[in-house]
Amino acid sequence: MQTTLSQALHTPRLIVRMIEEDDLPELFQVFSDAAVTRFLPYITWEDTLAAHSWYQRVKEMAAQAAAMQCVIVDKASNKVIGSCLLFRFDADSERAELGYALAQSHWGGGYMGEAIRALLNHAFGEMGINRIEAEVDPRNPASAQLLKKLGFVQEGLLRQRWKFKGEIKDTWMFGLLRDEWQAANLPG
């Protein structure tokens with residue numbers, strides 16, 4: 001199973017490409033916002049040390065073929081406005097998990113749906129993934145709604161699934177299958 005992008009993905013307004021270290025200053029603007037990181041399983045970045053530490057973990061995961069971390073670039077401004085990733089690859093089951101975050105200034109504009117749609121086309125096509133999963137904090141209905149618009153099915157509630165930021169948290173589990181994606185996205 002391929003776990004990297006050989007070339008950037010283009011949408012009408014966005015470029016989705018592999019992360020580079022030079023992206024960290026713009027990503028800092030995204031991940032230093034507590035509203036953006038509220039439901040994410042890592043801390044809000046308070047300094048560049050946090051950004052570089054995160055980037056080192058991302059590089060290690062990529063080297064182990066355990067994650068494909070991408071940035072989302074707004075074509076109009078040529079600025080990084082968010083990130084999306086596939087991780088927890090299971091090659092035998094052709095399965096991966098999806099994660100994403102977007103700058104608050106771009107919430108509600110359809111940017112994340114546009115970026116994830118491109119990533120899903122790539123994942124179910126070139127990468128050969130059969131199932132993509134996503135977990136959503138039940139207190140984040142906007143994220144759940146985004147996944148439903150993309151065709152994900154809410155498959156259940158995992159009670160007290162995670163402990164982070166000092167809280168034990170439930171999570172909604174969502175899943176999307178390649179044949180469902182392809183049937184819903186046929187040209188014509």
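Each value in this text was obtained by applying a stated rule to the coordinates, not by laboratory testing. Predicted model only: the values in this text are computed from it and were never measured. Methodologically, a virtual Cβ is constructed for each residue, glycine included, from the backbone with ideal geometry; neighbour enumeration extends over all protein chains shown.
Straight-line reach only, C-alpha to C-alpha below 20 angstrom: list the aspartates and glutamates that residue 163 could link to, leaving out same-chain residues fewer than 8 apart.
97, 133, 135, 137
Report, in cubic angstrom per residue, the convex hull volume of the C-alpha atoms of segment 81-170. Please list the in-between numbers first.
Values: hull volume 10.1 nm³, N = 90.
Taking the convex hull of the Cα positions in segment 81-170, it is 113 Å³ per residue.
Please list the non-local residues whose amide H lies under 5 Å from the amide H of residue 103, H modeled 1.01 Å from N, same-chain partners needing a gap of 5 or more.
82
Which listed residue (109, 85, 54) has the Cα farthest towards the positive end of the charge dipole for segment 9-133, taking +1 on Lys and Arg C-beta and -1 on Asp and Glu C-beta about the Cα centre?
109
So which of 75/149; 59/165; 59/148 end up more than 28 Å apart, counting from Cα to Cα?
59/148
Where nothing but the Cβ of Lys and Arg (+1) and of Asp and Glu (-1) is charged, how large is the charge dipole of segment 9-133 around its Cα centre, in debye to the nearest 20? Please report the intermediate quantities before stating the final value.
Values: 11 positive and 17 negative charges, 67 e Å.
So the magnitude is around 320 debye.
Name the shape class, rounded, prolate or oblate, that the alpha-carbon gyration tensor gives for segment 37-88, where a ≥ b ≥ c are the square roots of its eigenvalues, rounded holds for a/c under 1.5, and otherwise prolate holds if a/b is larger than b/c and oblate otherwise.
Values: a/c = 1.66, a/b = 1.18, b/c = 1.41.
Note, shape of segment 37-88 comes out oblate.
Ratio of alpha-carbon Rg to the 2.2 N^0.38 Å globular estimate for the chain, to two decimals, please.
Values: Rg = 15.8 Å, N = 188, 2.2 N^0.38 = 16.1 Å.
Ratio of Cα Rg to 2.2 N^0.38 Å: 0.98.
May I ask you to evaluate 6.51 cos²θ - 1.76 cosθ + 1.60, the Karplus curve with θ = phi - 60°, for each residue of segment 41-54 and list the ³J(HN,Hα) values in order in whole Hz, giving x for glycine and proline?
Values, residue by residue: x, 9, 6, 6, 5, 9, 7, 5, 4, 4, 5, 5, 5, 4 Hz.
What order do you get for 76-89, 56-69 when each peptide is scored by the mean count of other beta carbon atoms within 10 Å, highest first? Intermediate values should be presented prior to the final figure.
Details: 76-89: 18.2, 56-69: 15.4.
Peptide ranking by packing, descending: 76-89, 56-69.
Quick one, can you get me the convex hull of the C-alpha atoms of segment 29-133 expressed as volume per residue in Å³?
On the way: hull volume 11.8 nm³, N = 105.
Residue-normalised Cα hull volume stands at 112 Å³.
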